[in-house]
Structures are given as structure tokens and as C-alpha cells.
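Heads up, the thing below is written out as C-alpha cells.
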Amino acid sequence: MNAVTVKNLTKVFRQGDEDIYAVDHISFTVAPGEMVAIVGQSGSGKTTLLNLIGGIEHPTSGSVEVGGVDICSSDDETLSGMRRRKLGYIFQDFNLIPILTAEENIIMPLLLDGKKPDKTKLRELAGFLGIENRLKHLPGELSGGQRQRVAIARALINDPVILLADEPTGNLDKKAADEIMELLLAVNRRGNTVLLVTHEQRYADLCGRKIEISDGKI
Amino acid sequence: MTYLLYMKRSFTRSPHRHAVLFAVLTCAFLLPLLISIYRDSNAWGTRQYLLARSAGETYHIGNAAEADVPYFEGIRGLSAPVYRDGTIYLHILSDEEWRNSESVTVFENEIRKRMEASGNEALLPTAYSYEYAHGISTDPSHLSGQRILLLVNMLVILLSVSVVRSAYQSHLKRFSSDVGTLRACGAGRRQISALFAAELAAVFLLAAACAVVISVVSLKALFTAFLEIRHDSLAWLIFHVEPMNILLHLAVFFVILGLSLGMTLHRYSREPARALLNDAENMPNVKRGRKPLRRRFTPAATLCGLWRSRTNRSLSSCLAVSVPVMAVFLLLFNILTVALQVTGAEEEWGVKVSRSFHGGEGFSAEDMAYVSALEGVEQARPVYEPDGYILLPESPEEVETPLRIRPYSGLGAAAQTLSKYEIAVSRKVERGVGDVLRLCRAEAYYDVNGGIKQPAPEDVTVLTVAALTDTKPSGWALDIYVSDELYADIIASEPATGIEIALTDPAMNAQVEAALRTHFAGAEYAVTNRQSGADFLREMSSGVYLLLGYVFAALFLFILLILYVRLCDYIEGNRPLIRTLHRLGASKRTLYRSYIRQDGISAAAAVTAPFLISLPLTALLCAWQKAPLHLDGGMVAVYAALSVLLLFTYWHPVHRSLKRVLRPL
Ligand SMILES: Nc1ncnc2c1ncn2[C@@H]1O[C@H](COP(=O)(O)OP(=O)(O)OP(=O)(O)O)[C@@H](O)[C@H]1O
Ligand SMILES: [Mg+2]
């Protein structure tokens, strides 16, 4: 069974009288444990594609299956459960919760699932990402790079089967970005599926497969 | 022209925002206006009452005949006598002299001389002070009532002003991006200010007009139906609107709103247009939470704990508004219920006829028999209020003291028993335990031609003060409370000075009163109808009850509106937070439950806290007033209905806003 199956997927945004095809009849599959890079120009529909796979956006037509769950026909409860347990999503714009400290942001997916937060795992992740002394800060008090690392830690805290990473290295310097890339590769080596959106050719080349989209098409 | 276009657009695009602002303003204006009009009417009614009673004259000489008029002519400093319906009226010409008590005494002596000269013994003079005759009340209870009303009025203005200001500011906030748009399109600062000022003026004028019309019309109706009740053909409350007061109220609101608009526009003018355009998207500032985030049994409970510890400010501000208002209302309602029980009670001795007894005459056995036989009289009893006694002065330079003699046992809970020649006096008079007083019959002290004489030793009774009472001194005469034994001696030698009547049915009071007035027609008789006084008070309090209910209804509506707007704003403001949490895997149901739970906790507090605050206070009040604490079904039903309404107002905006926010996710 495929980790992700995308069939004839289309997403149309109506902007006034104009239809914008953010994702235009895309089909592909991702096998379990695969690491796929998604590349393309700005505005080509990468984020929209990840949102559709993550069940955040509803497709205009076509179908998406993630880990055997059909996104289009599932109710909100099932989709939310899937996001909490199977999925990790590193958002392009972080989506940190401003009223929570970095630490609380990171453990939020576990709390939403009613699980007890694993302190050692948290410290391990924070240590690896170099934010262990920023855990008590609110997002507003963190730099862009630090916020990005908190977002990455949050996506990894629940050991996701499928990791969606939307430009996780966008705000980082080369050295830090290389480390993050190393982490993602390690996650993939443990058998997890990774979908990585990136502008960096180098990182795309490190992935097993590359999907290029432009104007919503492959 | 562009203003009109913009305004039209802004009204058509978000008409409900303007409607909400209009409703809040109307309610906010209405409340203080209601209280102000009631205060004006109270002052006006009292003024009319005093003017009607005094007829603007200093002296009223009752029981007069047309033939007595010439005797009162030509008194220097007094107006010519005017005769109307058995009374001669005179007034002091100079206001200065009228205000001066010494010159009033001089005039009084002159009038007494003229009365003696007329030979008509029935003449009954009454004097009115300058203030009384000019409708200026000096009654402390009326003045304190006016002061309390003024205070309440100012408090309500303060409350309304603060709410209006915050409502207007949140209204402006909604349109901050419009300011950005207008600025980006090249509109000048002045143009934008003029635009918002015009909008404010339009909404303000409409709301002010509505509030004035509603308050005047509804209060006029309430006064006509309930409050303008006449007692002895005079009302104490007469509907009256003081236009200056209304204008003053509106001016205060206008200035406050204008200032808040000015300040907001000033702030906008210093910010770049871009910041304003994004203003609506900014998350509310949240301070670092003090309490750590804790995991609860369910994710919804965990989130609810998070909201309560970090974003509860909106809900606490709702509580801060609704709890005191509800508590004060319940307290007032309870006070009034207790007061109604006390004033509305049936008088045990509903009617009384009394006689001032010249020459030791009182009511005879035939009088008693006549009264007992009247229709509607259940029981009649003689009353002895001997006033033919004085206290002898302690030294020749001092003067005698007039007395009122009462039985000590009549005080109810008498603290101690008195031996025959022991008495009690009020704590408030300048006598102490152990003082010796000399009691004497008046005719043994005064001689026939107005002088005084030394009373014979057998006419003097020596009394010792043995106890102090908590009673209030009654003014001109000293109250002494004597032993039952001595009282029996005193009244044995006195005729009854009054007859108190218990009615078979309280409704018979008018008929019995009329019968008594015709039978005891002389000027020395007076009939008091306590039952009609009690009926009047009861009717009056039911009017006040209704007025209070009305004012509260307006206040409640106002509070509900504020809660509604705040709660909608709260959920709308949390939209980004909700979206993010949904992305992280919080289901819509979990999110919905977490907010409803937070809301429910506040709603429960909003319903129970006022009850818990007002109940002990009412109990305390009842204990103090020695009235039984009673919770009748009506009261409980009113409270239950209000609670349901309050719960709904807490629940509905949150529910509706959540549905709206969660649907597109
Ligand atoms: N909510 C939306 N409403 C309308 N149009 C949208 C919405 N989201 C995305 N679009 C449009 O869809 C297209 C694809 O957007 P998307 O965010 O997927 O691009 P992207 O490839 O992630 O770009 P970038 O590399 O800059 O992040 C864009 O033209 C964008 O304007
Ligand atoms: Mg993107």
C-alpha cells in the first residue's frame, strides 16, 4: 500500500471572476519510507499540494489517500486524528501559537491527542535543534530561525509516519540548514516517509525522487 | 460627495455593525435619562406639594369666619389678609424678615394678640417657613433621597460612558483597515476625520433622539398609570422633564465619544497605512502566561484550561459587568420586597380620632359607644396621651419643659422593671441615670392670666431616671417612660384623648373616616387614617417596583448587548488560533467544546455569583429591619427567567461565532 496516493487532484481558488488553478490535475504516488522533493517556482502550488495531502484544504476534484485514509470522504474527526497521530507538518509560515511558550508549542500535538508529553524526547529534540535555552520564550520573543526550529520540533514530536516539510530551511543559514536536512534524512532512514518542498537544488538532489511542478502541473 | 459614497458603502457593507453601535448607544443614553427624569419628577412633585400646602403664604389661620378678617388687617410688615374657604392667609412682605426666626416670632405674637381680640376661640394658626412656602424642601429624607438619586445617576453615567467608549472604539477598530484604504487612495487626514465625525454625528443623533423619546414616553406612561398617586389630593411624584438636564447628559456623552474618536484618529494618523491595513489580522497581545499549561482528561479540557489561563480577559470583563449589575438588582429587588411587606401590611389600628383637650375634656363613654357601634368597626379602644403635665425648672432662671408621658411597658422589650417613681428617658437627651425630675400638672404651674405660680407640694411628683431607652427624641417635648403603676394613676384622673379603631376590613377605612369626621366635627377633633396611608404607600411602592423593574430591564438589555458584542469579538479574535490548532490536529468538535466549556464556566459564575452576593446581604438587611426573610415564588421565577436569559446570552454568540469560524476549516 502506498503512503500517499494522489489522483487527478485539482484545487481551484476563485478570485473575483477569475479561477486560479493552484493544483491542476496532479497524480502521483509515494511509497512508504520514500523521501520525495517537491520543487517549483514561487506560486506554482507546492504549499497547496501539501495542504491537500495534509487534509487542511479540500480538493475541488480528484482524490487523495494518505496511509489508507481517503481524505475526501473522511469526516473532520478522522482527518484530525490522522493529522495528530500519523502526520507531521512543518508549515512555511510556522503557524506557532502566540500564547504558548516554545516548549508548549512543541508538545501541543501530544496534548491534543490526550497523550502525556515525553520530556526526554522533547529535550533531545530541542538539544539537537539548538533551542534548549529558548523553551520558555513566547514565539514573539524568538527570531525567525528559532521559530522555524520550534515548528520543526513540533512536527517531529509525535514520530510521524509521514512528514510534510514546507521549506523547512527557508530562514536558516547554510550550516543550520544542512543540519536540518541531515535530521530529515535521519527521519527518513528510520523508515518514515518525507515530502520536502524546497528551493535548494542541493537538497532536492539528496532526496530519492523529485517532483517538479509549475503552474499547478507536474 | 465622496463622504456620502463612502458612508453609503460602509453602511451597506456592514449594516449590523452600525446597528449594534446604535443599539448600544441608545441603551447607554436611555439608562441615565430614566434616572434623571425620575429625579426631576421627584423634585418637582415635592415642590408642587409644598407650594400647594403652603399656598405661598406664611400664616394660615384655620376655622376662621369672614367676620374675623378685619382683625388681621393693618399688621405692619404683613400682607393684607385674604379669606378663602374658612382660612385667612397672610404672608411676611420682606423675604429677609421671613427667613429670620426672630422677626417671625414677633409677627407670631402679633397674630396671637389679634386672634384673642377676635374672640373666636376655634382659630387655628399655622406658620410656614420661607423655604416651605417657596417650594424649597428642607426635609432631610427628601434631600438625602435626591442626593442618592444624583449619585446613582452619576454612577450610571460613568458606567454608560465607559461602555459607550469601548463599544465605539471596537467599532472604529473594525474600520481601521478602511482608514488604511482611504489613506492609500490619497485621502487627507482632514477628509478622513470629517468622514468619521459625520458618521458619529449621524449615529449619535439618531440614538440620542431614540433614547429621549423612549425615556420620556415610557416614563410618562408609567407615571400616569402608577406613580402619580394622590394622597389628600396631593401627589409627591409628578412627571416632569428638565430639558437642561437632558441636554447636559447628551453633551457629556457627545464630548466623551468625540474625544475617543479624536484620540483614535490621532493614533491612526501617526501609523503608516500598511499597518492599518493589517490591523484586523493582528492577534490580540497576550502576556506570558503565569500558569503552566496542564494536561487534562480530554483535549477539550486541556484547551479550555489554556483559554482560561491565557485568554480569559474578555470573559472576565463580561463577568465584571454582569455580576455587579445582577447582584445590585437582586439586592434592590429583595429590599423592595421586604419594604413592601413592612409598608404594605394591614394596620392593626387603622383609624384614630383624637382630641386636643382644653380644660380636661376628652372622649366620653357615649363617644366610645358611638364609635364601637359604627359599621366597619371591629374594636375600639381609648387612648390616653396625657399632655397636661410639665417638668418644673430646676432653678428660677430656667423654664419649664413640656412633656409627653408614655408607659415604659409599651416599648415592647423593656430592659428592666421600674418601681413606681422611676422613669426611663431616651439616651439622646441630656439626662442621665440618677437625675431627679419634678413632674407637675400644667394648671398647677400656670396661672389664669398667663403668668406662672409656685405649685403646691402635693401637686409635684418627684421622679428618678432609672433607665435609658433607644427611642428617638420627638422634638419639642421630652418623652418620659413611666412605670405602669404611675401611668395607671395618671390616666385614672384623665379622660381618654383618643380612640383607636380596628377595622373589620381594611377597605372600610374611608367610610369609617367619613362617619367620624361628620360626628366629631369640631376644630378640636382630628381624624387620622393610617390604613389609607398604608394603602397609599403600598400603591406607591408597587409603582416604584415597576419603575425599578423597567430601569433594570433597560440595564439588562444593555448588559446583554455588551456581552453579545464582547463574546462575538472574542471568538472572532481567536480565529487565527483556531485555524492553527485545527491544522495541528484539533478536531472541530474539540475546539468547539473547549470554547463552550470556557464560556460555560463564566456563565455559571455569572448566574450564581449575584445570587450568592445578594442573598447574605438581604438576610443581613432583614435581620436589621427585623423583617422575615422570605423568598417567594415570583421572585424565584424572575430570577430563574433572568438566569436562563443570561445563560443564553453567554452561549449564543459563542456558539454562533464558533460555527462561523469553524465552517470554512
Ligand atoms: N487561499 C487562497 N485563496 C486564493 N488563492 C490562493 C490561496 N492560496 C493560494 N492561492 C493561490 O494559489 C497559487 C499557489 O499558491 P501556493 O501557496 O501553493 O504556492 P507555492 O508554490 O507554495 O509558492 P511559494 O514557493 O512562494 O510558497 C498562488 O497563485 C496563490 O496566489
Ligand atoms: Mg509555499
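All of the numbers you see were taken from the coordinates with simple rules; none came from a lab. Worth saying up front: this structure is predicted, and the values here are computed from it rather than measured. Note that we place each Cβ from the backbone using ideal geometry, even for glycine, and neighbour counts take in every protein chain shown.
Need one number: % antiparallel among DSSP beta bridges in the range A:4-212, to the nearest 5.
The antiparallel fraction comes to roughly 50 percent.
Report the calculated FRET efficiency for A:Thr10 and B:Phe254 (r = Cβ-Cβ distance, R0 = 56 Å), to the nearest 0.05.
0.45
So what is the relative contact order for the range B:57-127, in percent, with contacts set as C-alpha pairs under 8 Å and at least six apart?
For the range B:57-127, the relative contact order is 44 percent.
Among all helices in chain B defined by DSSP H, which have a length of 18 Å or more along the axis from Cα atoms plus a Kyte-Doolittle mean of at least 0.0?
Span-like helices, by this rule, are B:15-54, B:140-174, B:189-222, B:243-270, B:313-343, B:530-573, B:588-625, B:633-662.
With r defined as the distance between the Cβ atoms of B:Ala640 and B:Thr181 and R0 fixed at 56 Å, what FRET efficiency is calculated, to the nearest 0.05?
0.70
Can you give the FRET efficiency for A:Ser74 and B:Ser218, using 1/(1 + (r/R0)^6), R0 = 56 Å, r = Cβ-Cβ distance, to the nearest 0.05?
0.50
Using the Kirkwood radius over Cα pairs, work out the Stokes-Einstein diffusion coefficient for the range B:57-127 at 4 °C and 1.567 mPa s, in µm²/s as a whole number.
The calculation lands on 108 µm²/s.
In nm, what is the difference between 0.36 nm times the number of residues separating B:Ile136 and B:Glu73 and their Cα-Cα distance?
The span from B:Ile136 to B:Glu73 would gain 19.8 nm if fully extended.
Specify, per residue and in Å³, the volume enclosed by the convex hull of the alpha carbon atoms belonging to the range B:417-560.
258 Å³
Sort all Cα-Cα distances of chain B into consecutive 20 angstrom bins from zero, then give the percent of pairs in each bin up to the one containing the longest distance.
Each 20 Å bin holds this share of Cα pairs: 13, 34, 27, 17, 8, 0.
How large is the Kirkwood hydrodynamic radius of the range B:422-472, counting all unique pairs of alpha carbons, in Å?
Computed over the range B:422-472, the radius equals 12.5 Å.
Can you compute the charge dipole magnitude of the range B:57-127 about its Cα centre, using +1 on each Lys and Arg Cβ and -1 on each Asp and Glu Cβ, nothing else charged? Give it in debye, rounded to the nearest 20.
60 debye
Over the range A:4-212, what is the mean sequence separation of C-alpha contacts under 8 Å (at least six apart), divided by residue count, expressed as relative contact order in percent?
The value is 29 percent.
Quick check on the exposure proxy: order A:Ile180, A:Ile152 from fewest to most C-beta atoms within 10 angstrom.
Result, fewest neighbours first: A:Ile180, A:Ile152.
Work out the charge dipole of chain B with +1 on the Cβ of Lys and Arg and -1 on the Cβ of Asp and Glu about the Cα centre, then indicate which of B:His134, B:Leu206, B:Asn153 is farthest towards its positive end.
Of the options given, the answer is B:Leu206.
Which of the aspartates and glutamates could a cross-linker span from B:Lys420 if the Cα-Cα distance has to be under 16 Å and same-chain partners fewer than 8 positions apart are dropped?
Those aspartates and glutamates meeting the cut-off are B:Asp435, B:Asp484, B:Glu485, B:Asp489.
What's log10 of I(q)/I(0) for the range A:19-123 at q = 0.15, 0.17, 0.20 Å⁻¹, Debye sum over Cα points only, no solvent?
The Debye formula, applied to the Cα set alone, gives -0.79, -0.98, -1.22.
Using all Cα-Cα distances in the range A:4-212, what percent lands in each 5 angstrom bin from 0 up to the longest?
Final binned percentages: 1, 7, 15, 19, 20, 16, 12, 6, 2, 0, 0.
Note down the magnitude of the dipole of the range A:1-96 about its Cα centre, charges +1 on Lys and Arg C-beta and -1 on Asp and Glu C-beta and zero elsewhere, to the nearest 20 debye.
340 debye
Among bridges DSSP assigns within the protein assembly as shown, what percent are antiparallel (round to 5)?
70 percent
Over what distance in Å are the Cα centres of the range B:398-448 and the range B:79-150 separated?
32 Å
Arrange the following residues from fewest to most other Cβ atoms within 10 Å of their Cβ: B:Arg76, B:Arg189, B:Arg404, A:Arg134.
Ranked by crowding around the Cβ, least crowded first: B:Arg76, B:Arg189, B:Arg404, A:Arg134.
For the range B:426-510, which chymotrypsin sites (Phe, Trp or Tyr not before Pro) are both in a DSSP coil and crowded by at most 12 other Cβ atoms within 10 Å?
The qualifying sites are B:Trp476.
Between the range B:547-612 and the range A:112-190, what is the separation of their alpha carbon centroids in Å?
What the calculation gives is 35 Å, centre to centre.
Restricting things to alpha carbons, tell me how big the protein assembly as shown is in terms of Rg and Dmax, in Å.
Reported Rg and Dmax, both Å: 42.9, 134.
What does the charge dipole of chain A about its Cα centre add up to, to the nearest 20 debye, if the Cβ of each Lys and Arg holds +1 and the Cβ of each Asp and Glu holds -1?
720 debye
State which entries of A:Lys7/B:Lys588; A:Lys119/A:Lys174; A:Lys121/B:Lys588; A:Lys7/A:Lys46; A:Lys11/A:Lys46; A:Lys136/A:Lys174 exceed 21 angstrom in Cα-Cα distance in the structure shown.
Flagged as over cut-off: A:Lys7/B:Lys588; A:Lys119/A:Lys174; A:Lys121/B:Lys588; A:Lys136/A:Lys174.
For the pair B:Glu385 and A:Met1, how long in nm is the line joining their label points, each one 7 Å along Cα→Cβ?
10.0 nm
Quick one: compute the contact order of chain B, relative version, from alpha carbon pairs under 8 angstrom and 6+ residues apart, as a percent.
17 percent
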